[in-house]
1. Do any chymotrypsin sites (Phe, Trp or Tyr not before Pro) in the stretch 1-100 lie in a loop, going by DSSP, with at most 14 other beta-carbon atoms within 10 Å of their beta carbon, and if so which?
2. In whole percent, what relative contact order does the stretch 139-289 give with Cα contacts below 8 Å and a gap of six or more residues?
3. Can you compute log10 of I(q)/I(0) for the stretch 109-219 with the Debye formula, treating each Cα as one identical point scatterer, at q = 0.17, 0.20, 0.24 Å⁻¹?
4. Eigenvalues of the Cα gyration tensor times 5, then square-rooted: what semi-axes does that give for the chain, in whole angstrom, largest first?
5. Within a 10 angstrom radius of the beta carbon, how do L31, L303 rank from fewest other beta carbons to most?
6. Provide the net charge surrounding A219, with neighbours chosen by a C-beta distance below 14 Å and charges set as Lys +1, Arg +1, Asp -1, Glu -1.
7. Taking square-rooted eigenvalues a ≥ b ≥ c of the alpha carbon gyration tensor, is the stretch 263-352 rounded, prolate or oblate, where a/c under 1.5 means rounded and, failing that, a/b exceeding b/c means prolate?
8. Evaluate the distance, in nm, between pseudo-label points positioned 7 Å from the Cα of F25 and of A257 along their respective Cα→Cβ axes.
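Bear in mind these aren't lab numbers, they're just calculated from the coordinates by the rules spelled out. This one's a predicted model, so the numbers in the text were calculated from it and none came from an experiment. Glycine also receives a Cβ, built like all others from the backbone with ideal geometry; neighbour counts cover every protein chain displayed.
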Amino acid sequence: MSLLARVRPEIATFTPYASARRSGFDASVRLDANESPWDAADDGLAVARGLNRYPSPQPEALRRRLATLYRVDASNLWVGRGSDEAIDLLLRAFCRAGVDNIVSVAPTFGMYRIAARLQGAAWRTLDLAPDDDFALDDARLLALVDDNTKIVVLCSPNNPSGTLFHGERIERLARALAGRALLVVDEAYVEFAGVASAAALVEHLPNLAVLRTLSKAHALAGARIGALLAAPEIADLVGRIAAPYPLPSDSAHAAFAALEPAALERTRARIALTIAERERVAAALVRGRGVVRVWPSAGNYLLVRFDDATARFLELLDAGILVRDFSAQPALAGCLRISIGRPHENDALLAALGATA
């Protein structure tokens, strides 16, 4: 059974808004979109040129460059405002309010649960045990799936635990869900994991979708550029229900520049430095004040349990260092998530916790 048969019926036949730029026509005099004919850049304002015109919904040059980066065909790719937008659109496309459900693990990235609640879909989770390094039991995860499960989502590396789910496991799970549910693998941090992306499986597994982003490794969190990699019919479906102009011109230009060869070379060097710093900080933190446990991580962050997380959080804040408190989440009592910064920032963190060598 084609996975499109699992899409909400009213979405499967949905006709998208025919925006001015969706038509693909171009001309030297544009009188079709009720835009201003005056460019603010001509008035001496410090803005990019061309912002008086609507941007392309899916800039072809950027799509080609992203397709090359992720090693997929451009037909397998849709570009939007970060991974969050793709998550929201997939749930809207597949899940009927009050009927369908989404399956995931806990702890994980909080936006999945929020998107499910906003869509009126039930949220089912398999609790991962901190004492077992948040290991995943595939059989127990699949046991949560029923006839009304439309999406199973895994964040890999998982946020905030840093746990990696990849390779043959992803292929096995996708095949087990074939014809039943879409397996979504969020790879926001995969560049720091040192493993191959699941994107290579998309061509052969029509019920697999992979989310990538330029926010983390490529230093463009403020630009909000993310990509959905999936079968062409899934990528097309998401594009049809997306906002008419998801990509601001400035963001698209920034993304294109970040994917130039010289920029990619810098990014690879910074990824290597981040990984080395992650291991250095993890090794030093075990000597830190009040540190109970430091979990291994494949992301650009570490999950750390303290004897008194509130006290450590406030100590760090007094030192001008902000980290993320996850103590309120199930199974994460006493846990702070610490992003890996530049070496001198990491040194300041370790000094504030008395963890210097």
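1. F14, Y17, F25, W38
2. After rounding, I find 16 percent.
3. The Cα Debye sum returns log10 ratios of -0.86, -1.22, -1.63.
4. Sorted largest first and rounded, they come to 36, 28, 18 Å.
5. Fewest to most other Cβ atoms nearby, the residues stand as L31, L303.
6. For residues surrounding A219, the net value is +3.
7. Judged from the Cα gyration tensor, the stretch 263-352 comes out prolate (a/c at least 1.5, a/b above b/c).
8. The modelled label-to-label distance comes out at 3.3 nm.
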